[in-house]
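A quick write-up on the structure given underneath.
Every read-out reported here was derived from the displayed coordinates using simple, explicitly stated rules and does not represent laboratory data. These numbers come from a predicted model, not from an experiment. Positions of Cβ are generated from backbone atoms using ideal geometry, with glycine treated the same way; all protein chains shown enter the neighbour counts.
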């Protein structure tokens, strides 16, 4: 598993500093929230429509921020396993492994709400998932468990709503793909 994660980190976009910190964190072990509540691996799966130049984001209940979908990695999960599990939980959609590309980007997220969360750092893998917005049909009931509101936003609208630096980096990365 460690070799697999090292390869994903080295192949993903992200600054040299972020990669060094990510690899150092990987060497520390205890990578999941259940093993280390203060810093652990997370996975985002960002839906975007390159033709419409839109992204699917939501106003997250716990953080209060506009975010892409994502979640914490569980023990014995790869980032791919996490995307598949979390997409089922948050979208009500089963993604096949062949549909999910390798992480395109890695980021570090400093958690800014110590009064509500024990966690201090997330080490994020970003899977960017191209969809046709007209054929993307996540389940409202699934989305409402974690988000106040959600939907497709133009890149310009998303630039206004997204304030978390790693999320802004992911949006910029997506915009550069299209």
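Looking at segment 2-177, the DSSP beta bridges with both ends there are about 65 percent antiparallel. Label zone (residue 4, point 7 Å along Cα-to-C-beta; backbone nitrogen cut-off 14 Å) within segment 76-115: 76-85, 97-98, 102-103.
What the Cα convex hull of segment 96-178 gives, in volume per residue, is 143 Å³. As a rough footprinting exposure proxy, the listed residues 126, 66 were ranked by other beta carbons within 10 Å of their own, and the order from fewest upward is 66, 126. Calculated mean residue ellipticity, 222 nm, the chain: -10000 deg cm²/dmol, from DSSP H runs (n ≥ 4) at -39500 (n - 2.57) each, averaged per residue and rounded to 500. Fully extending the segment from residue 160 to residue 132 would add 7.8 nm, taking 0.36 nm per residue of separation and subtracting the current Cα-Cα distance.
Tell me, what does the Kirkwood hydrodynamic radius of segment 2-177 come to in angstroms if you use every pair of distinct C-alpha atoms? Evaluated over segment 2-177, this radius sits at 16.3 Å.
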